[in-house]
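Report on one structure; see the data block that follows.
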Amino acid sequence: QVHLVESGGGLVQPGGSLTLSCSATGSVSRILAMAWYRQPPGKKRDLVATIPDSYQPTYENAVKGRFTITRNNAKTLVTLQMNNLKPEYTFVYYCNVAALDFETWGQGTQVTVSS
């Protein structure tokens, strides 16, 4: 199994930037994909960006060109660089990793975009 710890959320003004980080420990060599999700209040989690092994990252349409997902080769860190943030990007963001036989979520980090 893998344990995830997220950091980097907070309050930012519209047009500003934030970088979310997610540190992974445990059976990281078994991870096949790393991703970030967001969860609106009372709704299910939606995929924001994912970076699978041996494939290019993919993004939810509304964040293309604004957000960048990266990870290190060891799969112990995945980050989400968020630029030109808008108030509608205010959510709790969750880190997610997936393997053949398990999926793990981070605890979530609040991002609030407001003036």
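Values for this structure:
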{"read-out": "Contacts under 8 angstrom Cβ, first residue in the stretch 47-66 being more than 23 Å from T104 (Cβ to Cβ), partner outside any loop (DSSP other than H, G, I, E, B), 6 or more apart", "value": "R66/M82"}
{"read-out": "Cβ pairs under 7 Å, 6+ apart, first in the stretch 1-24 and without any contact (Cβ under 8 Å) to a residue 60 or more places away in the chain, second assigned to a loop (DSSP other than H, G, I, E, B) and surrounded by 14 or more Cβ atoms within 10 Å (Cβ to Cβ)", "value": "S21/G8; S23/T76"}
{"read-out": "Candidate set: the stretch 80-115, residues that are over 18 Å from R66 (Cα atoms) and among the aliphatic types (A, V, I, L, M); chosen: the one most open to solvent (accessible area, probe 1.4 Å)", "value": "L100"}
{"read-out": "Total residues in the stretch 1-20, condition closer than 11 Å to T109 by Cα and open to solvent by less than 30 Å² (accessible area, probe 1.4 Å)", "value": "3"}
{"read-out": "Hey, D53 charged (D, E, K, R) and in contact with a Lys or Arg (Cβ under 6 Å, 6 or more places away or on another chain) or not", "value": "no"}
{"read-out": "Enumeration of residues in the stretch 1-21 that are under 20 Å from L100 (Cβ atoms) and assigned to a strand (DSSP E or B)", "value": "V2, H3, L4"}
{"read-out": "Looking only at the stretch 27-79, and only at residues there that are open to solvent by 60 Å² or more (accessible area, probe 1.4 Å), over 22 Å from H3 (Cα atoms) and small (G, A, S), the one that is nearest to the chain's Cα centre (by Cα)", "value": "G65"}
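To keep it simple, each residue is scored yes or no on (1) at pLDDT below 95; (2) in a loop (DSSP other than H, G, I, E, B); (3) more than 16 Å from C95 (Cα to Cα).
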{"residue": "S29", "(1), (2), (3)": "yes, no, yes"}
{"residue": "M34", "(1), (2), (3)": "no, no, no"}
{"residue": "Y37", "(1), (2), (3)": "no, no, no"}
{"residue": "P41", "(1), (2), (3)": "yes, yes, yes"}
{"residue": "K44", "(1), (2), (3)": "yes, yes, no"}
{"residue": "A49", "(1), (2), (3)": "no, no, no"}
{"residue": "S54", "(1), (2), (3)": "yes, yes, yes"}
{"residue": "A62", "(1), (2), (3)": "yes, no, yes"}
{"residue": "T68", "(1), (2), (3)": "no, no, no"}
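The values are calculated or read from the model by the stated rules, or taken from the named source; none is laboratory data. Since we're looking at a predicted model, the values are computed, not measured. Reconstructed Cβ throughout: ideal geometry from the backbone, glycine too, with neighbour counts over all protein chains shown. These accessible areas exclude ligands, DNA and RNA; they are computed on the full protein's heavy atoms, side chains included. Shrake-Rupley method; radii C 1.70, N 1.55, O 1.52, S 1.80 Å.
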